[in-house]
Every structure is written in C-alpha cells, then in structure tokens.
1. Pick out, in residue order, every one of the trypsin sites (Lys or Arg not before Pro) in the stretch 1-53 that is DSSP loop and has at most 13 other C-beta atoms within 10 Å; say none if there are none.
2. Search the structure for amide H atoms under 5 Å from the amide H of R67, placed 1.01 Å from N in the peptide plane, and list their residues when 5 or more places away or on another chain.
3. Return the long-range amide H neighbours of Y4 (sequence gap of 5 or more, or a different chain), with a cut-off of under 5 Å between placed amide H atoms.
4. For R67 and Q23 in one chain, what is 0.36 nm times their gap in residues minus the Cα-Cα distance, to one decimal in nm?
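The numbers here are math on the coordinates, done by the rules we state, and not lab data. On a predicted model such as this, the values are computed, not experimentally measured, just so you know. Cβ atoms come from the backbone with ideal geometry, glycine included; neighbour counts cover every protein chain shown.
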Amino acid sequence: MAEYYKGRRVSTPEEEGFAPLSQEEKDAVDAMFDEFNAKRAAGPPEKRLHLSSRFGDDDFNNDDVPRNPDGSRKDRNPS
C-alpha cells in the first residue's frame, strides 16, 4: 500500500498496476543512460548542468511550506 513520506507518495510499480520490466527493457534504459552520460562527459565542465541527486524541489528551501502533523506538505497531501 502506498505511503506518504515528507509529502511524497511512495509505492512500488507493482502496487500501481505496472508489470515489472523485462531484462531487454532494463538493458535499453541502461543504454539510454550510458549514451546521455557519454554526451554529458564530452562537453566542457563549465557548460554542464548540475544534476541533483534528490527531487528537484528539495534543492530549494521549503521550510515555510505548511505541514501536516505527519510532516507531509499540506499542498501535496491535504488532510
């Protein structure tokens, strides 16, 4: 069952009704990431975009966002 953590809905793909990816699909996705990383590495460092390792809006200060008692954001998970 999906859970909420810090305002985000967390569930597995299977819980959402998606079939697991086949090995061929996983290999195709890995190839796309490899191609992207090769193109990114080929460019000069000053032209590269910062790729966050977190969700995009977590890069900004959102301490002033109203929160539910469980810590989730009210604007994403009204309760």
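1. When the trypsin sites (Lys or Arg not before Pro) of the stretch 1-53 are filtered for loop state and at most 13 Cβ neighbours within 10 Å, R48 remain.
2. K74
3. So Y4 has HN proximity to V10.
4. So the extension gain works out to 11.8 nm.
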